[in-house]
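Here's the structure we're looking at; comments come further down.
Just so you know, all these numbers are worked out from the coordinates, no wet-lab data involved. As the structure is a prediction and not an experimental result, all values here were calculated from the model. Reconstructed Cβ throughout: ideal geometry from the backbone, glycine too, with neighbour counts over all protein chains shown.
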């Protein structure tokens with residue numbers, strides 16, 4: 001079974017600071033990787049995803065993530081955060097084909113951006 | 001396209017009762033998954049249905065069950081409710097291509113008193 005570890009439980013940044021949220025997974029085979037965001041009072045939304053190809057993926061709102069297979073990592077980055085990025089961020093992994101409907105999530109990282 | 005819809009959005013029940021939650025997937029999506037979200041345990045996978053069959057199952061007791069109808073709509077049922085079942089229950093749908101994204105609904109907030 002796969003597992004996902006998010007290193008930071010709570011991150012506090014000032015506006016314009018750079019962001020990097022760590023995500024590591026454990027699974028020896030091929031995986032799909034995701035970052036989701038949950039704004040206060042809203043439902044989970046997809047930020048970006050990696051299935052195959054270029055390990056650097058770009059998502060919405062200026063977010064990007066890099067898949068490093070040798071490190072089993074999929075870290076999320078944003079060069080300059082805004083107050084509106086305050087939210088909870090979840091890293092998730094699933095196994096392609098018949099297990100693609102079963103995602104394993106990390107515990108989440110709460111990001112607070114101070115204006 | 002309309003997103004994933006879940007009804008009801010809020011429920012209050014007492015211990016020992018049972019509850020049924022409903023999920024309508026995005027049109028054309030045949031896979032429906034359910035997750036439980038709590039502050040202590042985070043997001044945990046309950047089960048997935050595809051073509052009216054349970055395809056994957058998480059580590060939850062048998063009190064948690066589900067089904068899927070021919071139009072892909074899904075329901076989950078929790079019997080003999082316990083205080084610990086209080087949570088946000090999320091439904092997600094996808095097309096079932098090998099590499100596809102799950103799209104989440106707003107969830108049903110269940111409170112067990």
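Going by how many other Cβ atoms sit within 10 Å of their own, how do B:55, B:9 line up, fewest first?
Going from least to most buried by this count: B:9, B:55.
Only bridges with both residues in chain B count here: give the DSSP antiparallel percent, nearest 5.
Beta bridges within chain B, antiparallel portion: roughly 90 percent.
If I model a spin label at residue A:58 and residue A:83 as a point 7 Å from the Cα along the Cα→Cβ vector, what separation in nanometres do I get?
Distance between the two pseudo-spin positions: 2.8 nm.
Can you pull the mean other chain C-beta count within 10 Å for peptide A:92-101?
6
How would B:47, A:74 line up from fewest to most surrounding beta-carbon atoms within 10 angstrom?
B:47, A:74
Determine, from the Cβ-Cβ distance of residue B:27 and residue A:5 and an R0 of 45 Å, the FRET efficiency 1/(1 + (r/R0)^6), rounded to the nearest 0.05.
Efficiency, from the Cβ-Cβ distance: 0.80.
What order do you get for A:90, B:45, A:72, B:69 when you list them from fewest to most C-beta neighbours inside 10 Å?
Least crowded to most crowded, the residues run B:69, A:72, B:45, A:90.
In nm, give the distance between the simple-model label positions of residue B:82 and residue B:10, each being 7 Å from the Cα along the Cα-to-Cβ direction.
That separation, rounded to one decimal, is 2.7 nm.
Kindly give Rg over Rh for chain A, based on alpha-carbon atoms, with the Kirkwood expression for the hydrodynamic radius.
Reported Rg/Rh (Cα atoms, Kirkwood Rh): 0.96.
Below 8 Å between Cα atoms, with a sequence gap of 6+, how large is the relative contact order for chain B in percent?
Relative CO of chain B lands at 36 percent.
Can you give me the Kirkwood hydrodynamic radius for the protein assembly as shown, using every pair of distinct Cα atoms, in Å to one decimal?
Computed over Cα pairs of the protein assembly as shown, the Kirkwood hydrodynamic radius comes out at 18.1 Å.
May I ask you to derive the FRET efficiency for residue B:17 and residue A:26 from their Cβ-Cβ distance with R0 = 30 Å, giving the value to the nearest 0.05?
0.20
What are the equivalent ellipsoid semi-axes of segment B:14-58, built from the alpha-carbon gyration tensor (square roots of five times its eigenvalues), in whole angstrom, biggest first?
Taking √(5λ) for each eigenvalue gives 22, 14, 11 Å, largest first.
Could you pull the Cα extents of chain B along its three principal axes, largest to smallest, in whole Å?
Principal extents (Cα only, largest first): 39, 27, 25 Å.
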